[in-house]
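The values are calculated or read from the model by the stated rules, or taken from the named source; none is laboratory data. A quick note: this is a predicted structure, and the numbers were derived from the prediction, not measured. Cβ coordinates were reconstructed from backbone atoms using ideal geometry, including for glycine residues, and neighbour counts include every protein chain displayed. Quick note on the areas: whole protein, heavy atoms, side chains included, nothing else; ligands and nucleic acids left out. Shrake-Rupley method; radii C 1.70, N 1.55, O 1.52, S 1.80 Å.
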Amino acid sequence: MNWNGITAIWRFEMARFFRSIIQSMVSPVLSTSLYFVVFGAAIGSRIPQIEGVSYGAFIVPGLIILTVLQQSIQNAGFGIYFPKFIGTIFEVLSAPLSAVEIVIGYVGAAVAKAVLIGLVILITSFAFVDMQIAHPVFMLLFLVLTSVSFSLLGFILGIWAKSFEQLNLVPLLVVTPLIFLGGSFYSITMLPPFWQNLSLFNPVLYLVSGFRWSFFGAADVPVAISLIAVLVFAGACLSVIAWIFRSGYRLKP
Amino acid sequence: MSSIVNVSGLGKTYEGGFTALHSVDLEIREGEILALLGPNGAGKTTLISTICGLTNATSGSVTVGGFDIREDWRAARRLIGLVPQEINLEPFEKVGNTVRFSRGLFGLPRDEALIDRVLKSLSLDDKKDERIRHLSGGMKRRVLIAKALVHEPRVLFLDEPTAGVDVELRRDMWELVDQLRADGVTIILTTHYIEEAEAIADRIGVINKGELLLIEDKAALMARLGKKQMVIELAEPVDAIPAGLMDFDLTRSDDGRGLTYTYEAGGKRTGITRLLAAVQGAGLVLADVETKQSSLEEIFVGLVHEGAA
Ligand SMILES: Nc1ncnc2c1ncn2[C@@H]1O[C@H](COP(=O)(O)OP(=O)(O)OP(=O)(O)O)[C@@H](O)[C@H]1O
Ligand SMILES: [Mg+2]
């Protein structure tokens with residue numbers, strides 16, 4: 001393994017992040033705070049408890065997942081798209097680095113950023129709601145797993161995209177709706193049966209549900225299934241990435 | 001001399017079906033400076049990219065330092081430094097950081113002293129903390145070279161290192177190449193400038209339309225094709241070459257005013273003095289005398305045209 005190479009990529013990407021740390025942090029923290037104010041405090045005060053927790057606390061895991069997903073896709077997508085766009089990718093591709101090492105470097109950096117932001121939001125949420133985390137270790141594990149799998153997806157998008165518009169299109173058109181319909185702000189048991197069943201096809205549901213379980217010990221779907229769903233999703237992304245490097249798709253003419 | 005890069009039967013057909021390289025065979029000797037000359041679209045960059053692993057070959061094989069670029073790609077790539085044709089740099093990065101990054105990619109530990117040395121050799125020592133977008137074009141090109149040198153490659157590919165570079169900087173670049181050669185680095189550079197190849201290369205290869213038309217020692221190439229000519233313009237035309245000048249193997253121009261004498265450039269006995277004495281002896285009056293050297297340019301143009309015909 002070329003660990004120095006992996007570290008070089010990871011450091012380089014993190015440096016980019018810390019150069020604009022204020023923008024990187026302020027925007028997600030501010031927008032989640034707004035969610036808390038609007039949904040948690042203003043509307044939430046009129047909503048009864050869900051699964052035994054106040055609505056304000058109930059949406060915390062969903063909000064964190066929402067942000068971590070968006071950040072993972074965006075960071076990993078941009079991380080690989082940008083060097084491709086300005087041409088500096090050549091040095092990574094001609095260096096003695098394997099595909100696995102390149103992915104660990106870029107995806108590792110994207111995960112680190114996204115998880116960091118997720119934790120900052122978690123800390124912020126304690127300022128708004130009173131809650132306890134039932135399974136903190138599982139919470140962290142789940143957060144990292146989620147971030148890894150969606151960073152892998154972002155990496156694929158970054159390689160596939162031929163323009164910044166394309167890079168932003170998929171998250172906007174596909175991922176954001178999935179996140180909102182994945183039970184971030186409600187329990188799917190609140191939906192009519194047809195929509196409940198349809199929701200089961202939404203991968204984000206399993207993430208939100210599993211993550212919420214780590215907070216409150218209650219979930220829409222069994223935790224084991226959530227875990228399997230994340231692993232399957234990550235596996236699928238990994239196979240696509242393996243194919244990309246083997247075929248040289250949009251990397252090597 | 002042992003070879004360090006071995007290209008055999010290398011072919012590259014791009015996805016659209018365009019064949020950029022037709023079975024190229026090339027042996028690069030350790031420690032030499034090889035100039036690859038060729039017009040736009042000849043396939044120079046494609047050849048370099050394939051050796052460096054940036055494009056996948058369609059056929060043939062390449063070894064670098066004895067390592068196959070597909071089987072032993074890690075070992076092969078460790079030996080290679082690449083300075084691309086385009087200036088591909090992150091504008092907001094600092095010089096020092098981007099150079100450090102390049103070294104890390106090759107799996108090497110940090111070495112600030114080495115980075116400082118490389119930057120100094122490129123007169124960039126005062127730019128280490130400068131953002132790349134604040135540098136001039138020539139400086140950016142040198143940053144690219146620094147990035148390619150910082151893992152101490154044995155083979156350096158310079159894809160048009162002096163394109164868009166002013167005369168002074170070009171001289172600096174040539175000096176740098178000389179210095180690298182003294183350190184034992186093998187250098188392959190592509191160029192459109194024949195005088196550049198003439199000035200610094202040990203061997204010259206000519207590529208056109210994806211084929212290596214010729215590869216030869218510069219000195220031998222110049223000697224083989226580098227004749228000099230003296231054109232004598234006469235005040236009065238002559239109908240035939242005068243008898244007294246028969247020994248000189250002259251050619252007469254159609255209008256009878258010009259006589260052309262061909263001789264070995266740099267030869268000890270050029271025969272010019274004898275010829276001029278004989279011209280005077282034949283009673284001819286000179287209007288003008290001109291000498292020409294067939295430059296690489298002409299050789300090159302000739303070859304490319306032959307190839308096209
Ligand atoms: N990615 C690609 N896809 C399709 N064709 C390509 C690609 N890259 C290069 N070519 C074609 O291959 C041929 C050789 O290109 P190459 O860049 O190797 O030329 P070159 O000798 O480096 O030219 P120049 O002196 O202009 O840099 C050109 O006709 C070019 O259009
Ligand atoms: Mg080129």
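Answer yes if at least one residue in region B:95-117 is under 23 Å from the mean Cα position of the chain (by Cα), surrounded by 19 or more Cβ atoms within 10 Å (Cβ to Cβ) and not acidic (Asp, Glu), and no otherwise.
Checked against the condition, which is being under 23 Å from the mean Cα position of the chain (by Cα), surrounded by 19 or more Cβ atoms within 10 Å (Cβ to Cβ) and not acidic (Asp, Glu), region B:95-117 yields no hits at all.
Say whether the condition of being within 10 Å of chain A (Cβ to nearest Cβ), open to solvent by 10 Å² or more (accessible area, probe 1.4 Å) and assigned to a loop (DSSP other than H, G, I, E, B) is met by at least one residue in region B:4-14.
Checking region B:4-14: at least one residue is within 10 Å of chain A (Cβ to nearest Cβ), open to solvent by 10 Å² or more (accessible area, probe 1.4 Å) and assigned to a loop (DSSP other than H, G, I, E, B).
Of all the strands (runs of 3 or more DSSP E) wholly in region B:192-236, which have at least 3 residues that are of a type outside the set (Ser, Thr, Tyr) and over 16 Å from the mean Cα position of the chain (by Cα)?
In region B:192-236, B:227-234 are the strands (runs of 3 or more DSSP E) which contain 3 or more residues that are of a type outside the set (Ser, Thr, Tyr) and over 16 Å from the mean Cα position of the chain (by Cα).
Here's a check for you: in region B:63-86, which residue that is crowded, with 18+ Cβ neighbours inside 10 Å and free of Cβ contacts under 8 Å to residues at least 60 places away in the same chain is nearest to the other protein chains (Cβ to nearest Cβ)?
B:Arg77
Any idea which of B:Lys127, B:Lys44, B:Lys120 is more than 10 Å from chain A (Cβ to nearest Cβ), without any contact (Cβ under 8 Å) to a residue 60 or more places away in the chain and open to solvent by less than 60 Å² (accessible area, probe 1.4 Å)?
B:Lys127
Of the residues B:Ala57, B:Ala35, which single one is open to solvent by 10 Å² or more (accessible area, probe 1.4 Å) and more than 9 Å from ligand 1 (Cβ to nearest atom)?
After applying the criteria, what remains is B:Ala57.
Please work out which one of (1) within 16 Å of ligand 2 (Cβ to nearest atom); (2) out of contact with any helix residue (DSSP H, G or I) (no Cβ under 8 Å at 6 or more places or on another chain); (3) of a type in the set (Val, Ile, Thr) is the condition B:Thr13 fails and give its number.
Against the list (1) within 16 Å of ligand 2 (Cβ to nearest atom); (2) out of contact with any helix residue (DSSP H, G or I) (no Cβ under 8 Å at 6 or more places or on another chain); (3) of a type in the set (Val, Ile, Thr), B:Thr13 comes up short only on (1).
Looking at (1) out of contact with any Cys (no Cβ under 7 Å at 6 or more places or on another chain); (2) modelled with pLDDT of 95 or more; (3) within 15 Å of ligand 1 (Cβ to nearest atom); (4) closer than 24 Å to A:Lys84 by Cβ, which is the one condition that is false for B:Ile69?
(3)
Out of (1) modelled with pLDDT of 95 or more; (2) within 8 Å of chain A (Cβ to nearest Cβ); (3) within 16 Å of ligand 1 (Cβ to nearest atom), what's the single condition that is false for B:Ile51?
With respect to (1) modelled with pLDDT of 95 or more; (2) within 8 Å of chain A (Cβ to nearest Cβ); (3) within 16 Å of ligand 1 (Cβ to nearest atom), B:Ile51 is out only on (2).
Could you please let me know if B:Ile145 is within 14 Å of chain A (Cβ to nearest Cβ), more than 16 Å from ligand 1 (Cβ to nearest atom) and buried (at least 17 other Cβ atoms within 10 Å of the Cβ)?
Criteria met by B:Ile145.
Going through region A:208-253 one residue at a time, which ones are over 21 Å from A:Leu198 (Cβ atoms), under 17 Å from the mean Cα position of the chain (by Cα) and among the small types (Gly, Ala, Ser)?
If the condition is that a residue be over 21 Å from A:Leu198 (Cβ atoms), under 17 Å from the mean Cα position of the chain (by Cα) and among the small types (Gly, Ala, Ser), then A:Ser214, A:Ala234, A:Gly235 are the ones that fit.
Would you please name the residue that is most open to solvent (accessible area, probe 1.4 Å), looking only at residues in region B:178-202 that are more than 16 Å from ligand 2 (Cβ to nearest atom) and of a type in the set (S, T, N, Q)?
That would be B:Gln179.
Please specify each residue of region A:81-96 satisfying the condition of being acidic (Asp, Glu) and surrounded by fewer than 18 Cβ atoms within 10 Å (Cβ to Cβ).
Scanning region A:81-96 gives no hits.
When A:Gly77 is evaluated against the numbered criteria (1) surrounded by fewer than 16 Cβ atoms within 10 Å (Cβ to Cβ); (2) in contact (Cβ under 8 Å) with a residue 24 or more places away in the chain, which criterion, by number, is the only one it fails?
(1)
Can you name the residue in region A:1-12 that is modelled with pLDDT of 95 or more and more than 8 Å from every other protein chain (Cβ to nearest Cβ) and, of all such residues, is farthest from the chain's Cα centre (by Cα)?
Ranking the qualifying residues of region A:1-12, first place goes to A:Ile6.
Residue by residue, here is whether (1) within 16 Å of ligand 2 (Cβ to nearest atom); (2) part of a strand (DSSP E or B) holds:
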site: B:Gly17; (1), (2): no, no
site: B:Leu34; (1), (2): yes, yes
site: B:Pro39; (1), (2): yes, no
site: B:Thr50; (1), (2): yes, no
site: B:Gly60; (1), (2): no, yes
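Tell me, which helices (runs of 4 or more DSSP H) wholly within region B:71-148 include 1 or more residues that are within 17 Å of A:Ile89 (Cβ to Cβ)?
Qualifying helices (runs of 4 or more DSSP H): B:73-78, B:95-105.
Go through region A:99-144 and give me each residue that's surrounded by fewer than 15 Cβ atoms within 10 Å (Cβ to Cβ) and small (Gly, Ala, Ser).
A:Ala99, A:Ala127, A:Ala134
Out of the helices (runs of 4 or more DSSP H) lying entirely within region A:145-253, which hold 1 or more residues that are within 14 Å of chain B (Cβ to nearest Cβ), at pLDDT 85 or above and open to solvent by 40 Å² or more (accessible area, probe 1.4 Å)? Give the derivation first.
Working: elements: A:164-170, A:176-180, A:193-199, A:203-216, A:223-247.
The qualifying helices (runs of 4 or more DSSP H) are A:223-247.
Mind checking whether some residue in region B:241-248 is touching a residue at least 24 places away in the same chain (Cβ under 8 Å), in a helix (DSSP H, G or I), in contact with a Gly (Cβ under 7 Å, 6 or more places away or on another chain) and open to solvent by 40 Å² or more (accessible area, probe 1.4 Å)?
yes
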